[in-house]
Amino acid sequence: MCLMTPEEEGHAFERLFFGRSSNFDRAILPTFQSFGQSLLYVKEHQCFLDWNPFHPGTVESERLFEAIQDKLPRRLSRKLLLYSSIGTTLDVFHGIDGFFAIDGCDFIVSFDLVRTTHTWNKLSQKADFMVNPSDLNDWENFTYLSSKISQMLVLKKRSDWRA
């Protein structure tokens with residue numbers, strides 16, 4: 001039996017969800033960009049990341065995307081986007097592997113893919129949600145996660161509308 005290191009497990013989970021991982025040479029880190037610059041880069045370069053925000057490219061990402069769509073009001077569900085930021089400065093410096101957004105709105109609901117809930121520290125958490133394999137494999141966890149993400153999208157849309 002071949003055991004994976006925790007880092008290898010994390011990369012395997014990223015590949016499962018996004019079809020790619022941030023497995024890059026840590027000695028050659030990208031140049032730091034602010035959160036806003038990183039977010040803009042990710043939004044504008046999804047084609048270079050081989051990702052379509054309207055149509056997630058893996059079974060796991062599509063499953064979560066559709067579960068969230070089903071919980072959103074129809075006017076929002078048709079505009080749901082799922083962005084990948086694997087290996088970008090948003091991932092490396094800001095701890096965000098991906099995020100959900102509503103097309104035409106200026107807010108996001110971010111997440112970091114983690115191999116287990118024991119691999120992160122709540123105080124250093126930068127993303128709105130930490131997603132681990134049990135969140136996708138356990139029906140109760142999956143339902144909770146998709147409900148919370150859809151609720152946060154609706155709440156942010158309401159506050160965005162009032163602003």
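Close amide H pairs (under 5 Å, H built 1.01 Å from N) link residue 131 with 112, 113, 114, residues at least 5 positions away or on another chain.
Couplings 3J(HN,Hα) for the range 50-63, derived from phi with the Karplus relation 6.51 cos²θ - 1.76 cosθ + 1.60 (θ = phi - 60°), are 6, 9, 10, x, 7, 9, x, x, 10, 4, 5, 5, 5, 4 Hz, where x marks Gly and Pro.
Please compute the length gained on full extension between residue 138 and residue 48, using 0.36 nm multiplied by the number of residues separating them and subtracting their Cα-Cα distance.
Values: separation 90, 0.36 × 90 = 32.40 nm, distance 3.23 nm.
Gain on extension, residue 138 to residue 48, equals 29.2 nm.
Close amide-amide hydrogen proximity is noted between residue 94 and no other residue 5 or more places distant or on a separate chain, at a cut-off under 5 Å (H modeled in the peptide plane; Pro and chain starts excluded).
For the chain, adding -39500 (n - 2.57) for each run of n ≥ 4 DSSP H residues and dividing by the number of residues yields -13500 deg cm²/dmol at 222 nm. In order along the range 34-44, the phi-based Karplus estimate (6.51 cos²θ - 1.76 cosθ + 1.60, θ = phi - 60°) of 3J(HN,Hα) comes to 4, 4, x, 5, 5, 4, 4, 4, 4, 4, 7 Hz; Gly and Pro are listed as x. Placing dummy labels 7 Å off each Cα toward the beta-carbon, the span from residue 63 to residue 40 is 3.7 nm.
What the Cβ-Cβ distance of residue 79 and residue 4 gives, at R0 = 25 Å and to the nearest 0.05, is a FRET efficiency of 0.10.
Using Cα-Cα distances under 8 Å and only pairs 6 or more residues apart, what relative contact order does the chain have, in percent? Could you put the intermediate results ahead of the total?
Numbers: 216 pairs, mean separation 33.8, N = 163.
Contact order relative to length: 21 percent.
Bridgeable lysines around residue 71 (alpha carbons under 23 Å apart, same-chain partners fewer than 8 residues away excluded): 79, 148, 156, 157.
Shown in residue order for the range 79-92 are the 3J(HN,Hα) couplings computed by the Karplus curve 6.51 cos²θ - 1.76 cosθ + 1.60 at θ = phi - 60°: 9, 5, 10, 10, 9, 9, 10, 4, x, 8, 5, 5, 6, 5 Hz (x for Gly and Pro).
None of the figures in this text is laboratory data; all of them are computed from the coordinates on show. This one's a predicted model, so the numbers in the text were calculated from it and none came from an experiment. Virtual Cβ from ideal backbone geometry, glycine too; neighbours counted across all protein chains shown.
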